[in-house]
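The values are calculated or read from the model by the stated rules, or taken from the named source; none is laboratory data. Quick caveat, the model's predicted, so the values are computed rather than measured. Cβ atoms come from the backbone with ideal geometry, glycine included; neighbour counts cover every protein chain shown. The protein model used for the area step is the full one, side chains on, heavy atoms only, and it has no ligands, DNA or RNA in it. Shrake-Rupley method; radii C 1.70, N 1.55, O 1.52, S 1.80 Å.
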Amino acid sequence: MTTDEVRRILTQAGEKITSESRLGNNTGDQLRTAGGAILNVFDSGKVQVQGKEQERIHAVIEKASGGARPERAGNKRSVFVVYGHDQNSRDQLEAMLRRWRVEPLILDQLPTEGQTLIEKLEAAIDECDFGVVLATPDDEGHRAGRNDERAFRARQNVVLELGMLLARLGRKHVAILLKDQTNMERPSDIQGLIYIPYKDEVKEAAVPLAKAMVAEGYDIDVSRL
C-alpha cells in the first residue's frame, strides 16, 4: 500500500491525521492520528501500526483494502541465520540479535521432526522475514590451474543457503556480514545485495544491520545496539 492509499482510507473512516513525516531512516512515511495511532507506511508497501487503538486501525485498513492486514509493530521477531565454521562469530551474532529481542533461527538448534535437511531448511526460512548470512573465511579456492588466484571464501553450504534466502525472501530481506580479511572472496556479485563488512567482532556491523532490519519492519531499540 502507498501513503496516499493509507491516508485516503483513514480520512474516509473519519480519522483525523495530525502529522505526517518521513521516517528517520528515509524508508517510508509516518502518519499520526488524533486518536494516538502511529502508522509507518514503508516504501516497500508494508504498513506497520503502533501507538493507541491498534486493533481498530487494523480493522479499518483490512476492511477498506479487501483483506490486506497491516503488521503490528514489533511482531517481526525471527531472523534466519546462516553460518559456516566461525563459531565465535555465530555466537556473537546470536547474542546481539537476542539483545535486540529478535529470535535467531539457527538450523542446528532446530528440531528435525522427521524432515530431510532441505525440508527443515525451507520450513525455517518460511518462518522468518529476514536472513543474516555470516560469510567468513572458512575455505580457500581458485580457478583450476591458477594457484596465484588463491583466496578465502565462505563454505559451500553458506553459499547455497544464501541463494535460498535470496529466492524466498528477496534481496532487501537478506544481509551478508562479510568478515573483511585479505583476499576474501564475496559469495556473489549480484547487484543490490546488502554487504556489511566487519573485521574482528560482529558488533562492528551492528548499526548498518539494525538499519537494514528496521527498514523491513523490525522494531529494534537503538539503545540495545
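Return a whole-number percent for the relative contact order of the chain, with Cα pairs under 8 Å and 6 or more residues apart as the contact set.
Computed value for the chain: 16 percent relative contact order.
Can you tell me the FRET efficiency between Asp43 and Glu140 if r is taken as the Cβ-Cβ distance and R0 is 45 Å, rounded to the nearest 0.05?
Efficiency, from the Cβ-Cβ distance: 0.65.
Which value, in debye to the nearest 20, gives the size of the charge dipole of the chain about its Cα centre, when Lys and Arg are +1 and Asp and Glu are -1 at the Cβ?
The calculation lands at about 700 debye.
Between helix 87-99 and the chain, what is the angle of the helix's C-alpha long axis to the longest principal axis, kept within 0 to 90° and rounded to the nearest 10?
10 degrees
If you build a Gaussian network model of the chain, linking Cα atoms that sit under 10 Å apart, which residue out of Pro187, Pro111, Pro137 swings the most?
Per the Cα network of the chain with a 10 Å cutoff, Pro111 tops the list.
Determine the percent antiparallel among the DSSP beta bridges restricted to the stretch 106-225, to the nearest 5.
Of the beta bridges lying entirely in the stretch 106-225, close to 20 percent run antiparallel.
With a/c under 1.5 counting as rounded, go ahead and sort the stretch 161-220 into rounded, prolate or oblate using the C-alpha gyration tensor (a ≥ b ≥ c being the square roots of the eigenvalues; past the cut-off, prolate if a/b is larger than b/c, else oblate).
Oblate is the answer for the stretch 161-220, as a/c is 1.5 or above yet b/c matches or exceeds a/b.
Nearest 10 degrees, 0 to 90: what angle lies between the long axis of helix 3-12 and the longest principal axis of the chain (Cα atoms)?
30 degrees
Under the classification rounded if a/c is under 1.5, otherwise prolate if a/b is larger than b/c and oblate if not, where does the chain fall, given a ≥ b ≥ c as square roots of the Cα gyration tensor eigenvalues?
Judged from the Cα gyration tensor, the chain comes out prolate (a/c at least 1.5, a/b above b/c).
In straight Cα distance, which lysines are under 19 Å from Lys203, not counting same-chain residues fewer than 8 positions off?
Qualifying lysines at Cα under 19 Å: Lys179, Lys211.
If you rank Ile17, Ile9 by how much accessible surface each has, with a 1.4 Å probe, what is the order from largest down?
Ranked list, largest accessible area first: Ile17, Ile9.
Report, to the nearest 10°, how far helix 117-126 tilts away from the longest principal axis of the Cα atoms in the chain, using its own Cα long axis and a range of 0 to 90°.
30 degrees
Among rounded, prolate and oblate, which fits the stretch 114-225 when a ≥ b ≥ c are the square roots of the eigenvalues of its C-alpha gyration tensor, a/c under 1.5 means rounded, and a/b larger than b/c means prolate?
Oblate.
For the chain, give me the percentage of DSSP beta bridges that are antiparallel, rounded to the nearest 5 percent.
Restricted to the chain, the bridges split so that about 45 percent are antiparallel.
Where the centroid of each part is defined by its Cα atoms, how far is the stretch 133-148 from the stretch 171-193 in Å?
14 Å
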